[in-house]
Number of protein chains: 2
Amino acid sequence: MRLLNSALEKIVPIDTNLLDKAQARLDMLTKPKDSLGRLEEFARRFVAITGETMPLVNRKVIFTFAGDHGVADEGVSAFPKEVTRQMVYNFLNGGAGINVLARHAGAEVVVVDIGVDFDFGDVQGLLKRKVISGTKNIRLGPAMTREQAIACMEVGIDLAYQYAVKGAVFGTGEMGIANTTPSSAIIAAFSGLPAEEVTGRGTGIDDKVFENKVRVIEDAIKVNRPDPSDAIDVLSKLGGAEIAGIAGLVIGAAAKRVPVVVDGFISTAGALVACELKREVRDYIFSAHNSVEKGHAVMLKRMGLKSFVDLNLRLGEGTGAAIGIYLVEAGVKIYNEMATFGDAGVSEKNA
Amino acid sequence: MRLLNSALEKIVPIDTNLLDKAQARLDMLTKPKDSLGRLEEFARRFVAITGETMPLVNRKVIFTFAGDHGVADEGVSAFPKEVTRQMVYNFLNGGAGINVLARHAGAEVVVVDIGVDFDFGDVQGLLKRKVISGTKNIRLGPAMTREQAIACMEVGIDLAYQYAVKGAVFGTGEMGIANTTPSSAIIAAFSGLPAEEVTGRGTGIDDKVFENKVRVIEDAIKVNRPDPSDAIDVLSKLGGAEIAGIAGLVIGAAAKRVPVVVDGFISTAGALVACELKREVRDYIFSAHNSVEKGHAVMLKRMGLKSFVDLNLRLGEGTGAAIGIYLVEAGVKIYNEMATFGDAGVSEKNA
């Protein structure tokens, strides 16, 4: 709790003067004003987040947190629960979607066992930070205790602190069979919206399974009565270890002024918990991709963020974040590397 | 004309069996079916276009064609005409937006003087393939002769043939002050829509200049009476040298089965001319970014393409194509590098 509180205290709103300063430089570059659209926004925000007037991207790290979910017993997912641990091995062997897209973006993938219901023993490359061996079934009671949720968040904060070097940018990712269910439950709890309006089809379920999923979420909220004004209460009762880890990573990134690119629906559930704890966290987040999950747009609206990768991805793992990191870096490079009108001898706009 | 005709004859529809074959492989990879959305589409199409069952991306080339426009005299642009040649120097010095984004995507930029109203003399790095020294003012008469339009297209075809190696992927780009005006005129001519409905604000013009631009396009169509069933007539009367070069490049790419990533509004005008000459050309095109120019969506609908970069870019040069190439390559890498369920020992979906 001490690490969480001190991290939250460190987080300050970004300096909007830096946004203006960065825009002034962007307007000197050899292009019509604003013609690089959101790439300019990324550059501007990157400057304001880091406080560096000529920021670099030196180290790109995607944290993929893995955890299991007791609610998988309710048949809410299209895949069996053991896929969580199988996919962890796949991550470590470099064969998953996130490995391919991270390599393509020049990013490293840090795989964290924060809550898998399996003993990996000693396996090369896995960060062993297990807090729980899977959550409990949220249809029947709380996913975890308040203390466990905080411990998971502090794993995330600790990792953010460890990797926070000058020029760092983080991405978030996750693996956890059934974890769209807790994510929908979390946004339902915060927004007060009916489960149906924030529930999607996860990795691909049919109508019958979907209806069951909605009922499970309704029951989880009825049984647990989460307090929407207490984000840790919502997180511990409905969440998952990996969602809590992501919440912590985002908080740690904001505390260290490291830009953090948040993946899709489940990652955004974690980022949302962080923002509910401290609104200013949102200043440090780039929301990467538009998830097809219905609850995602509700989360983003609540956080005041607008995502920018629209490729119909619904894999998770951090795949959208990998593409997002590439695009944010494109904005920073534009800012750093383009010639100015003066340097290039190019005439400016007619008066 | 001989080169153009023989290229058009070579173009065949892609083999849809290869699309299915590629999808069968994608479905074996360790991810829920279709969960990588459009990246899977890119991989599928890349396989069908190239005919390679395990395609590689070895050489990424963005062709930035530069040309001037007589219609700039009508005050349709926010920038003075000399910016075309100034930007060519900027491209050669590596300081423009396209240089930064091409480097970021690992692509080379080939700068082609196909129609600039300026004698560059001997300057390192510039491909000197000038056909005309700028078009004539389309408000008063045809932009160029039919022979000139064909010569420009054949420059594009010739370049495509020269660069078409195994593993190649092309991008299109352009520079030409005032060239949104001919682009809007081209789609107005093909679609029969009023100029107003396909005209945008280019690099940033105010209401008064916009109204003038619409009138100029209306006049250009009235004066020239382009025949919408004769694409070369439309191109020569309303187009530009760089637009014709792009049309040729796209045709040459399709003839050589090289995937071609088409940039925004002006590039799409070129690609549209190519598709009007031979419908099958569309099979070989990836439309990169959604332009804010109104006529762009009309063009894409006509070609049956759906773009995928939505960053509010409106710079041209090939900047959207550079990002598009990165994303298409991401799809190819997913296809080539991800582990299968069998290899990774990951359980498949529940029955």
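The values are calculated or read from the model by the stated rules, or taken from the named source; none is laboratory data. Since this is a predicted model, take the numbers as computed values, not measurements. Every residue, glycine among them, receives a Cβ derived from its backbone with ideal geometry; neighbour counts consider all protein chains shown.
Observations, loosely collected:
- Condition broken by B:Ala66, with the remaining ones in (1) under 17 Å from the mean Cα position of the chain (by Cα); (2) within 13 Å of chain A (Cβ to nearest Cβ) satisfied: (2)
- The conditions of being more than 21 Å from the chain's Cα centre (by Cα), more than 10 Å from chain A (Cβ to nearest Cβ) and not in a helix (DSSP H, G or I) are not met by B:Val12.
- Condition met for A:Leu327 (part of a loop (DSSP other than H, G, I, E, B) and either modelled with pLDDT of 95 or more or surrounded by fewer than 24 Cβ atoms within 10 Å (Cβ to Cβ) (or both)): no
- Any chance A:Leu140 is more than 19 Å from A:Phe308 (Cβ to Cβ), more than 13 Å from every other protein chain (Cβ to nearest Cβ) and touching a Leu at 6+ places or on another chain (Cβ under 7 Å): no
- Qualifying residue in region A:43-63 (condition: out of contact with any strand residue (DSSP E or B) (no Cβ under 9 Å at 6 or more places or on another chain) and over 18 Å from A:Gly331 (Cα atoms)): no
For every residue, the table says whether it meets (1) more than 21 Å from the chain's Cα centre (by Cα); (2) more than 10 Å from chain A (Cβ to nearest Cβ); (3) farther than 17 Å from B:Arg129 by Cβ.
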residue: B:Ala78; (1), (2), (3): yes, no, yes
residue: B:Leu92; (1), (2), (3): no, yes, no
residue: B:Asn99; (1), (2), (3): no, no, yes
residue: B:Ala102; (1), (2), (3): no, yes, yes
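- Count of region B:31-51 residues which are of a type outside the set (Lys, Arg), assigned to a loop (DSSP other than H, G, I, E, B) and surrounded by fewer than 24 Cβ atoms within 10 Å (Cβ to Cβ): 4
- Of the residues making up region A:331-351, just one is within 7 Å of chain B (Cβ to nearest Cβ) and crowded, with 24+ Cβ neighbours inside 10 Å, namely A:Met338.
- Residue match in region A:276-289 (condition: closer than 30 Å to B:Ala96 by Cα and at pLDDT below 95): yes
- Considering (1) closer than 30 Å to B:Ala143 by Cα; (2) touching a Gly at 6+ places or on another chain (Cβ under 6 Å); (3) within 14 Å of chain A (Cβ to nearest Cβ), the lone condition that B:Ala72 does not fulfil carries the number (2).
- Some residue of region B:52-60 being in contact with a helix residue (DSSP H, G or I) (Cβ under 8 Å, 6 or more places away or on another chain), crowded, with 24+ Cβ neighbours inside 10 Å and either among the aliphatic types (A, V, I, L, M) or at the interface with chain A (Cβ under 10 Å from one of its Cβ atoms) (or both): no
- Evaluation of B:Ala24 against (1) more than 14 Å from every other protein chain (Cβ to nearest Cβ); (2) under 20 Å from the mean Cα position of the chain (by Cα); (3) among the hydrophobic types (A, V, I, L, M, F, W, C) (one fails), failing number: (2)
- Comparison of B:Ala241, B:Ala322, B:Ala253, B:Ala271 shows that the only residue that is within 14 Å of chain A (Cβ to nearest Cβ) and either touching a residue at least 60 places away in the same chain (Cβ under 8 Å) or closer than 26 Å to B:Val100 by Cβ (or both) is B:Ala322.
- Which listed residue, of A:Leu315, A:Leu311, is more than 20 Å from A:Met1 (Cβ to Cβ), of a type in the set (A, V, I, L, M, F, W, C) and under 15 Å from the mean Cα position of the chain (by Cα): A:Leu315
- The lone exception for B:Asp227 - which of (1) in contact with a helix residue (DSSP H, G or I) (Cβ under 7 Å, 6 or more places away or on another chain); (2) under 30 Å from B:Leu56 (Cβ atoms) it fails: (2)
- Note on region A:179-208: residues that are under 18 Å from A:Val273 (Cα atoms) and part of a helix (DSSP H, G or I) amount to 14.
- Each residue in region B:307-324 was checked for being in a helix (DSSP H, G or I) and polar (S, T, N, Q), and 1 pass.
For (1) free of Cβ contacts under 8 Å to residues at least 24 places away in the same chain; (2) in contact with a Lys or Arg (Cβ under 9 Å, 6 or more places away or on another chain); (3) crowded, with 17+ Cβ neighbours inside 10 Å, each residue gets a yes or a no:
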{"site": "A:Ile98", "(1), (2), (3)": "no, no, yes"}
{"site": "A:Gly106", "(1), (2), (3)": "no, yes, no"}
{"site": "A:Val110", "(1), (2), (3)": "no, no, yes"}
{"site": "A:Asp117", "(1), (2), (3)": "no, yes, yes"}
{"site": "A:Phe120", "(1), (2), (3)": "no, yes, no"}
{"site": "A:Ile132", "(1), (2), (3)": "no, no, yes"}
{"site": "A:Thr145", "(1), (2), (3)": "no, no, no"}
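- Test: residue in region B:75-97 that is touching a helix residue (DSSP H, G or I) at 6+ places or on another chain (Cβ under 6 Å), of a type in the set (Val, Ile, Thr) and closer than 23 Å to A:Ala105 by Cα: no
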